[in-house]
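Everything below concerns the one structure shown next.
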Amino acid sequence: MFAIFGVTLPYFALIGCGYAARWRGVMVEGSAKALNAFVLYFALPALMVRTIAAIPFEDVFNPGFFAAWGAVAVLMFAGTVVVSGVVMRQGGAVATIHAAATTHGNVGYLGITLVVSLAGEAAAAPVAMAIIFDMLFVVTLTIALLSRLSPGAGAEVPSLLATARSAILNPFVLAIGAGLLLSLSGAEIPKPVDDFMRILGMAAVPAALFAIGVTLYGQPMRAAASELGWICAAKLLIHPLVMIFVATTDVFGLTREEIVIAVLLASLPVANNVFILALRYETRPNRMSGAILFSTGAALATFNLWAWLLLSG
């Protein structure tokens, strides 16, 4: 347990540094937006392209993993809508944003950093598949539903095609696509370009984690305790448990290593995208920001517990 904690602690410490920098005024208001733009549009895409391009194409796309991840996402999203709407008696928009929070984890930042650090480069391809599915299904479905149900829905409702196009043009998805093309073609990245991307990619991990900390500062915690606790428990505990149940069935044919990676990815805290969507559609933005802050802090314990249970055997 302590060995795993020793591996993950520096990553969470970087999040803490970002939080402390914003708290002490070293990073001023607006810094988070600039830092996130650098990570989203430059550093992490460079890292993803190089990492995926170096993996043989036949090892990149695993239909069994993709299907298992998708099946769990559907179960979590639908199950949360039912619990939130029927049991908690929330409206359709709130049930939708709850479903996004319990289904969509911070795979883009923490998956690339924490999970790959623990499971090795073999985790890069599953991370890529998880990002693609979450962006094309979870985020697209959430936008489509909120655009019709939320109080912030405009008069002009975007079409599902327009929503999907926006998700496809996400820098993560474009970077994964470029890496897949390079892997499929077997082409080598020219050395000057590769050196440039390597240097840029080296900044991805610390910058991404630091950016999370900067972003988390100042997010209000005025959420009802029951709502906040339900979301965090569903994301950090129920989601990985459902993943274990689904991934260990013979239907998907996953290896033990792939199951471990899938569960670790499922145990990540609520993604920042959820707050952005909640703010855009005026659906519980304060409570979603609280869920992100609380789940990220709680993940210091829960993620390490899952990692210990999965990797100590």
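Could you say which residue among Phe12, Phe77, Phe65 is aromatic (Phe, Trp, Tyr), touching an Asp or Glu at 6+ places or on another chain (Cβ under 7 Å) and in contact (Cβ under 8 Å) with a residue 60 or more places away in the chain?
Of Phe12, Phe77, Phe65, the one residue that is aromatic (Phe, Trp, Tyr), touching an Asp or Glu at 6+ places or on another chain (Cβ under 7 Å) and in contact (Cβ under 8 Å) with a residue 60 or more places away in the chain is Phe65.
Among the listed residues Ala101, Ala128, Ala124, identify the single one that is in contact with a Lys or Arg (Cβ under 7 Å, 6 or more places away or on another chain), in contact (Cβ under 8 Å) with a residue 40 or more places away in the chain and closer than 26 Å to Ala301 by Cα.
After ruling out the rest, the residue left standing is Ala101.
Any idea which residue in the stretch 173-198 is modelled with the lowest pLDDT, counting only those that are touching a Lys or Arg at 6+ places or on another chain (Cβ under 9 Å) and not aliphatic (A, V, I, L, M)?
Ranking the candidates gives Gly179 first.
Out of the helices (runs of 4 or more DSSP H) lying entirely within the stretch 1-119, which hold 1 or more residues that are aromatic (Phe, Trp, Tyr) and under 20 Å from Pro206 (Cβ atoms)?
On the way: elements: 2-23, 31-38, 44-53, 57-60, 63-82, 92-103, 116-119.
Qualifying helices (runs of 4 or more DSSP H): 2-23, 31-38.
Kindly evaluate Leu209 against the criterion of being at negative phi, touching a Cys at 6+ places or on another chain (Cβ under 9 Å) and assigned to a helix (DSSP H, G or I).
yes
Return the residues of the stretch 76-99 that are of a type in the set (S, T, N, Q) and at pLDDT below 90; say none if nothing qualifies.
Residue satisfying the conditions is Gln90 alone.
Go through the stretch 256-313 residue by residue and tally those that are touching a Gly at 6+ places or on another chain (Cβ under 6 Å) and among the aromatic types (Phe, Trp, Tyr).
Total meeting the criteria: 1.
Considering only the stretch 281-293, how many residues are over 15 Å from Ala100 (Cβ atoms) and either surrounded by fewer than 23 Cβ atoms within 10 Å (Cβ to Cβ) or hydroxyl-bearing (Ser, Thr, Tyr) (or both)?
1
Looking at the stretch 178-189, I want the residues that are under 18 Å from Pro45 (Cβ atoms) and have a partner that is of a type in the set (Ser, Thr, Tyr) with Cβ atoms under 8 Å, at least 6 apart or on another chain. Which pairs are those?
Pairs found: Gly179/Thr51.
Given the structure, is Ile238 part of a helix (DSSP H, G or I) and surrounded by fewer than 24 Cβ atoms within 10 Å (Cβ to Cβ)?
Answer is yes for this residue.
The values are calculated or read from the model by the stated rules, or taken from the named source; none is laboratory data. Computed from a predicted model, the values in this text were never measured in an experiment. Here the Cβ is made from the backbone with ideal geometry for all residues, glycine too, and neighbour counts use every protein chain on show.
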